[in-house]
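A short worksheet on the structure shown next.
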Amino acid sequence: MWCSRVSLRRLQRIVVSPLYTSSPVISTQRAMSTLPRVYVTRRIPPEGLKILNESGQVQYELWDSDDPVPRQELLNKVKGVDGLVCVLTEKIDAELLDAAGPNLRVLSTMSVGYDHLTLEELKKRGIRVGYTPDVLTDAVAELTVALLLTTSRRLIEATHEAKTGGWGTWRTMWLCGYELADSTVGILGMGRIGVAIAERLKPFKVKKFIYTDVAPRPELASSIGAEYVSMEELAKQSDFLAVCCALTPETQGFCNKKLFSQMKNTAVFINTSRGGVVNQEDLYEALSSGQIAAAGLDVTVPEPLPTSHPLFTLKNCVILPHIASASYSTRNAMSALAANNLLAGLKGEPMPKELKL
Ligand SMILES: O=CC(=O)O
């Protein structure tokens, strides 16, 4: 349905009804309106929708589903739109931008990552881009710490043993893992999230924080007393290595055989950034041969990772389904920021969080 303020009441009814129909599209007749047209590629959390509804500034159509809109449907639906709100599963490339046509002037992604966007195509067309940094930093850092502890202290194996009869008597070395106290934590990619992770790990009595990035970032690193080291030193010294960098052509497959071979065989590897940063075949080798101790992954390639994937056969690999930012408050904050970015962009005003292209 193309929704404007005039049709808000109607929308509130219709938003619910598609759940019971065969198609998740909210569709009624398009309102006779000159308001900018926007396509929203997913059922976004209520705070963002409320902002769009109450703005009276746009008419929008929503793919009212938790599953991605099929590509062909997306290509059809974006024709002639002025704005687009998407999530990280939609590839925003030349094909899609061509399908949208010249009216498209604002893209707002409900994500901090933007590796699903072809930035040079957006730039070439003068399309402004909003994204959602900061509001998810706490949730991602919290989940990273949870995943690190789950992996290093073998919690998934332990609950499995307890539930399935493996729990015999108390044993001296059974289910031993690695502790943070007196350890060296390495951060690959020192940004807001890297700092937030270190702040949370510090009270666990970590001995030393080290990091690497394309260049030293003293303004961030000094707040947590982290030392800048080369990639090789990061691999060699880290007891825990947390990957927090963006996926770019430079970081694609960066965590590979070479890196794993430099790591301690007691080291724990954690990735909450993007699966593409890791060479998964090399990681499987490193984990199954005992080159490194364990890995915790919130992100993989592809997503979802097929249940038949070899990484799922390893006890020392904990895999989560990309949930780092998944708290109610954070997902709502992300959707609100995505809506506000869109509205500001369409008005030609500075966006609360705009990606510099
Ligand atoms: O992965 C999540 C995001 O990029 O927001």
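The values are calculated or read from the model by the stated rules, or taken from the named source; none is laboratory data. These numbers come from a predicted model, not from an experiment. Glycine gets a Cβ as well: all are built from the backbone with ideal geometry, and neighbour counts include every protein chain shown. For the accessible areas, the whole protein counts, side chains as well, though only heavy atoms, and no ligand, DNA or RNA atoms are used. Shrake-Rupley method; radii C 1.70, N 1.55, O 1.52, S 1.80 Å.
So is ALA235 in contact with a helix residue (DSSP H, G or I) (Cβ under 8 Å, 6 or more places away or on another chain), among the small types (Gly, Ala, Ser) and surrounded by 21 or more Cβ atoms within 10 Å (Cβ to Cβ) or not? Yes: the conditions hold for ALA235. As for region 153-167, it holds at least one residue that is aromatic (Phe, Trp, Tyr), more than 16 Å from the ligand (Cβ to nearest atom) and more than 17 Å from ALA338 (Cα to Cα). Taking every residue in region 99-120 that is away from the ligand (no atom under 16 Å from the Cβ) and pairing it with any residue that is assigned to a helix (DSSP H, G or I) and open to solvent by less than 30 Å² (accessible area, probe 1.4 Å), at least 6 positions away or on another chain, the pairs with Cβ-Cβ distances below 6 Å are ALA99/LEU75; VAL106/LEU342; VAL106/GLY345; VAL106/LEU346.
The combined condition, being more than 16 Å from the ligand (Cβ to nearest atom), assigned to a loop (DSSP other than H, G, I, E, B) and not aromatic (Phe, Trp, Tyr), is fulfilled by GLY80. Looking at region 306-339, which of its residues are part of a helix (DSSP H, G or I) and within 16 Å of the ligand (Cβ to nearest atom)? Matches in region 306-339: TYR328, SER329, THR330, ARG331, ASN332, ALA333, MET334, SER335, ALA336, LEU337, ALA338, ALA339.
When TRP170, TRP174 are checked against the criterion of being more than 24 Å from ALA324 (Cβ to Cβ), in contact with a helix residue (DSSP H, G or I) (Cβ under 9 Å, 6 or more places away or on another chain), surrounded by fewer than 15 Cβ atoms within 10 Å (Cβ to Cβ) and free of Cβ contacts under 8 Å to residues at least 40 places away in the same chain, a single residue qualifies: TRP174. When region 199-228 is filtered for residues that are open to solvent by less than 50 Å² (accessible area, probe 1.4 Å) and either part of a helix (DSSP H, G or I) or touching a residue at least 40 places away in the same chain (Cβ under 8 Å) (or both), the ones remaining, listed by number, are LEU201, LEU220, ALA221, ILE224. Restricting to region 273-304, count the residues that are assigned to a helix (DSSP H, G or I), open to solvent by 20 Å² or more (accessible area, probe 1.4 Å) and in contact (Cβ under 8 Å) with a residue 24 or more places away in the chain. So the answer is 4.
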